[in-house]
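Visitor: After the structure tokens below, expect a handful of questions from me.
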């Protein structure tokens, strides 16, 4: 994949260049296609590649052995996107008339805005945001429409109600996607937290009914926080691809990059943004203006933190070949990131009882399964 390597900062990520320039895939051998199909399917990027090829009318030039996989994933993606729209419309009707903003997050927001990165996605849930003061009303409306929380014990209920930024996931008998009702984008008790009022102050129309979306800069910052502050980052290269797409799309507005560093600082998300810019530029050749990058790095992690954050996430995010087990180094990095996630998500006085409860619940589940 030499042609791709010239367009991507890291040769190991060379095949990802085909998401932007699908023409290069025409030079791939069957062996290379087999590798890309298997790896991109695991990373949930195969549908994105199929849509990129289809947009350039190149699918018919792909070897038949690979084309049928691309077509299958494309059809699955379009079905799932239709399911997301159907679910969104149902939730919209349930919340119709509510006197507070209803905000689409992540994939639903990308689809409503018809962003390029919406094509080829495989949505599994619908994420929405309402002000914290109106969460109870929104939940009551959704419950009346048939949306129900899954059963959980008293501790987990308290976790969601008092410490989390969202309610327990909700399901509906008619819809295959889960519904996540948020009142913030990060937990209010976490070390890294966001003042939700700042998000609601800059909402924009989505283009779909009465739904709103976050400001473009806040969409980028939410995506960065979702990737670099989450518990599980392995096989999450698709989130970095999302960030690349968001940077490229919203970055066409000169005010986007001029204001992004200050907005990240205002929301307390300077570190996730710096990490996002580093890996997007290095691995995906994302064009980040030098002056903006200088400000982003100045407000980002210190040299000491970068010395361990960068190799940690490099090990976690680097995808392994389909037939190769993750290395010990990758396993250690993933474990270290999990510890970091828990430590920043809850203060120690809440974290230790929470981890003890989860450990005991897992032990009871193993004992129950063994007795069957």
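Just so you know, all these numbers are worked out from the coordinates, no wet-lab data involved. Please read all numbers here as calculations on a predicted model, not as lab measurements. Cβ coordinates were reconstructed from backbone atoms using ideal geometry, including for glycine residues, and neighbour counts include every protein chain displayed.
Visitor: Taking only DSSP H segments of four or more residues, each worth -39500 (n - 2.57), what value at 222 nm results for the chain once the sum is divided by all its residues, to the nearest 500 deg cm²/dmol?
Guide: When only DSSP H runs of four or more count, the value is -17500 deg cm²/dmol.
Visitor: While we're on this one: Would you order 161, 44 from fewest to most other beta-carbon atoms within 10 Å of each residue's own beta-carbon?
Guide: Values: 161 11, 44 20.
With the fewest neighbours first, 161, 44 line up as 161, 44.
Visitor: Give the relative contact order (percent, whole number) for the chain; include only Cα pairs under 8 Å separated by 6+ residues. Intermediate values should be presented prior to the final figure.
Guide: Working: 490 pairs, mean separation 57.5, N = 372.
RCO, the chain: 15 percent.
Visitor: Provide the gained length on full extension for the span residue 339 to residue 304, in nm with one decimal, where the gain is 0.36 nm per separating residue minus the Cα-Cα distance. Mind dumping the intermediate values first?
Guide: Numbers: separation 35, 0.36 × 35 = 12.60 nm, distance 1.84 nm.
Between residue 339 and residue 304, full extension yields an extra 10.8 nm.
Visitor: Sticking with this structure for a sec: Helix 237-250 sits at what angle to the longest principal axis of the chain, using alpha carbons and giving 0 to 90 degrees rounded to 10?
Guide: Roughly 90 degrees between the two axes.
Visitor: Let me ask something else. Neighbour counts of other C-beta atoms within 10 Å: give me 257, 356 arranged from fewest to most. Display every interim value, and only then the final one.
Guide: Details: 257 21, 356 11.
The fewest-first ordering by Cβ neighbours comes to 356, 257.
Visitor: Just want to confirm a number: the relative contact order over region 219-372, from Cα pairs under 8 angstrom separated by 6+ residues, in percent.
Guide: Working: 116 pairs, mean separation 42.3, N = 154.
Computed over region 219-372, the figure is 27 percent.
Visitor: Continuing with the same structure: In degrees, nearest 10, range 0 to 90: what is the angle between the Cα axis of helix 30-42 and the longest Cα principal axis of the chain?
Guide: The angle comes out near 10 degrees.
Visitor: Right, something else. Could you give the nm distance between label points at residue 253 and residue 358, where each point is 7 Å from its Cα heading toward the beta carbon?
Guide: The answer from the label model is 3.6 nm.
Visitor: Write down the radius of gyration of region 57-169 and its Dmax, each obtained from C-alpha positions, in Å.
Guide: Gyration radius and largest Cα-Cα distance of region 57-169: 18.1, 57 Å.
Visitor: Taking other Cβ within 10 Å of each residue's Cβ, how do 86, 15, 79 sort, fewest first?
Guide: Working: 86 15, 15 22, 79 12.
Arranged by neighbour count, lowest to highest, 86, 15, 79 become 79, 86, 15.
Visitor: In degrees between 0 and 90, to the nearest 10, how far off the longest principal axis of the chain does helix 216-228 point, with axes built from Cα atoms?
Guide: 90 degrees
Visitor: Between rounded, prolate and oblate, where does the chain land on the alpha carbon gyration tensor, with a ≥ b ≥ c its root eigenvalues, rounded for a/c under 1.5, else prolate if a/b exceeds b/c? Present the calculation step by step, with values, prior to reporting the outcome.
Guide: On the way: a/c = 1.31, a/b = 1.27, b/c = 1.03.
Rounded, since a/c falls under 1.5.
Visitor: Give me the three principal axis extents of region 219-372 from the C-alpha atoms, as integers in angstrom, largest value leading.
Guide: Rounded to whole Å, the extents work out to 62, 42, 28 Å.
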